[in-house]
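Read the figures in this text as sums done on the coordinates, not as results from a lab. In this text, all values refer to a predicted model and were calculated from it rather than measured experimentally. Note that each Cβ is placed from the backbone with ideal geometry, even for glycine, and that neighbours are counted across all protein chains shown.
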Amino acid sequence: MAYFLLQGAFTTESWKALLDKPVNRAEVVRPVIEKMGGKVECAFISFGEYDIVLIMQMPDNITAAAFSLAVAAGGAFKSSKTTPLLTMEDGVEAMKKAGKTGYRPPSK
């Protein structure tokens with residue numbers, strides 16, 4: 001399965017609802033992700049541009065995109081971003097393959 005980073009910034013309305021009734025949103029979305037064949041690795045509340053960070057495994061890009069679209073359509077976030085992640089091992093494999101492609105940058 002592939003890893004993905006989901007970052008979300010809650011709307012003011014979402015924060016108001018969470019302050020009125022605090023809830024661990026990772027536990028709310030966990031069954032949804034599992035129903036889609038995925039797994040929640042970890043989740044954090046964060047400071048800065050995004051309020052919540054979730055690392056999940058999903059079977060493929062289409063499934064990850066479907067989850068991201070469902071979250072975006074839900075309206076709880078004013079902005080969100082999903083980033084595909086590579087394990088370090090996969091990153092090293094990609095580097096090895098890249099070194100053997102024969103690609104050459106433009107030259108003068």
Nearest 10, in degrees from 0 to 90: the angle of helix 88-99 to the longest Cα principal axis of the chain is 30
Between F77 and residues 5 or more places away or on another chain, the pairs with built amide H atoms under 5 Å apart involve T11
To the nearest 10 degrees, the tilt of helix 61-74 (Cα long axis) against the first principal axis of the alpha carbons of the chain is 30
Cross-link reach from K78 to lysines, straight Cα distance under 20 Å and at least 8 residues apart if same chain, gives K16, K21
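Using unit Cβ charges (K, R positive; D, E negative) and no other charged atoms, how large, in debye to the nearest 20, is the dipole of segment 2-88 about its Cα centre? Before the final figure, lay out each step's value.
Values: 8 positive and 8 negative charges, 20 e Å.
Taking the Cα centre of segment 2-88 as origin, the dipole is about 100 debye.
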Cross-link reach from K39 to lysines, straight Cα distance under 20 Å and at least 8 residues apart if same chain, gives K81
